[in-house]
Each structure stands twice: as C-alpha cells, then as structure tokens.
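The values are calculated or read from the model by the stated rules, or taken from the named source; none is laboratory data. Keep in mind that what you see is a predicted model, and the values were worked out from it rather than measured. Virtual Cβ from ideal backbone geometry, glycine too; neighbours counted across all protein chains shown. Accessible surface areas use protein heavy atoms only, side chains included; no ligands, DNA or RNA. Shrake-Rupley method; radii C 1.70, N 1.55, O 1.52, S 1.80 Å.
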Amino acid sequence: GYTLEKRLITRDGDALWVLAMTTLIRDADDVPQYAVQVLENISARKDAERIHAEYQEKLRAATLNATLAEERERRHIAQNLHDHIGQSLAISRLLLGRLAASLTDAVPEQQAQVDEVRMMLGEMLDYSRTLTCELSPPVLHELGLIPAVKWLATHCTERYRLPTTIDAAAGVPALAPEIRVILYHI
C-alpha cells in the first residue's frame, strides 16, 4: 500500500486536501484482486500548516529586521563614540603632552600629576577604541566577514587568553551586509 497527500477540486470548484491511503488486497496465491482506498479530509490541517508557515516567515523577517536595527544602532553609537569621545580624548592627550613639554621648570610633583592624567587619558582612549570595535567592528563593514572573524579571534586570544584557530576557505563568496552582520554576531 501507499499513502499520499493530494489536492482535489470538488464539483463546486473548491479545493480539498485529502490523505489517500491505498492498500492492495491479494488472494491466497498472492495475486492482486482489488484495491481499497480511504480518503481523509485534511484541509483543516493543511490550512493550519500554511498559517504556521506564514507566521514562521513573518517571525523570521521580524527577527532579521530587529537584528539589523540593533546593528544600525550599534554602528551609530560606535561612530559617535569614535568621532566625539575618542577624538576629544586623543586631542586632550596631545594638548596635555604639549603642556607637559612646556613645563620645564615644573615641580616634580606637578609633572607626576600631568603624567598621571596623560596615562589616564591614554587608558580611556584605549578603552573607547575597544568599546567602539566591540559595538560594531569597522573591519566587518570595511573588509568583510573573514577579516572581522580573524580580528575577533585575535581579540579574544589577547583579552581573555582563549586560544583560537580560524580555518577560512579561500574564495568565500561575497555576502550581503545584513548576512555578514548576522553571521558575525552568531
């Protein structure tokens, strides 16, 4: 016997889904005599499956849109962090360096304080750069997925002392930006 799902059209022109179960009846000598077929109306189940598939597709699209919106916001924050805070810290550090160079006859205690502030500015600048890259790595948008994953592996190795190995095949096809972002975050 066999079982199959089939779409039929009724006399009224309506579509009807049925589950057709067919069994061959044989005689004592194993010669086929006749077939028995049972039809079960599965239209309600098929409608439910279609609605479920549509819902799943809408859910996938909503998830993708939310992920892309999150990435746009991350990138916006990272760019503002770099352009405003990062640049201000870098310029402040340079100006403080000039000021320190002009204080030739400064008291050693004052010179130490200036050096401490320059060191703190350097640490804040390094942290803002790290935060910028963690929010939205420029390498992902400028060079692509494989270089971004390699950067991430190096970063994890340096920061968390996690040994990493990247085995990327040559000739990885170009991916749409939204796919790169999703794969990177995964």
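For GLU71, are the conditions met, namely being closer than 30 Å to ILE186 by Cβ and surrounded by 13 or more Cβ atoms within 10 Å (Cβ to Cβ)? Spelling it out, GLU71 is indeed closer than 30 Å to ILE186 by Cβ and surrounded by 13 or more Cβ atoms within 10 Å (Cβ to Cβ). Total residues in the stretch 169-185 satisfying the condition of being open to solvent by less than 80 Å² (accessible area, probe 1.4 Å), within 18 Å of the chain's Cα centre (by Cα) and small (Gly, Ala, Ser): the figure is 1.
Residue count for the stretch 3-32 under the criterion of being part of a strand (DSSP E or B), open to solvent by less than 100 Å² (accessible area, probe 1.4 Å) and either in contact (Cβ under 8 Å) with a residue 12 or more places away in the chain or not aliphatic (A, V, I, L, M) (or both): the result is 14.
Checking the conditions here, which among LEU99, LEU103 is surrounded by fewer than 14 Cβ atoms within 10 Å (Cβ to Cβ) and touching a residue at least 12 places away in the same chain (Cβ under 8 Å)? Result: LEU99 is the single residue among LEU99, LEU103 that is surrounded by fewer than 14 Cβ atoms within 10 Å (Cβ to Cβ) and touching a residue at least 12 places away in the same chain (Cβ under 8 Å). The residue that is most open to solvent (accessible area, probe 1.4 Å), counting only those in the stretch 109-159 that are under 22 Å from the mean Cα position of the chain (by Cα) and of a type in the set (Ser, Thr, Tyr), is THR154. Exactly one residue out of ALA153, ALA148, ALA176 is in contact with a helix residue (DSSP H, G or I) (Cβ under 9 Å, 6 or more places away or on another chain) and under 27 Å from GLU70 (Cα atoms): that is ALA148.
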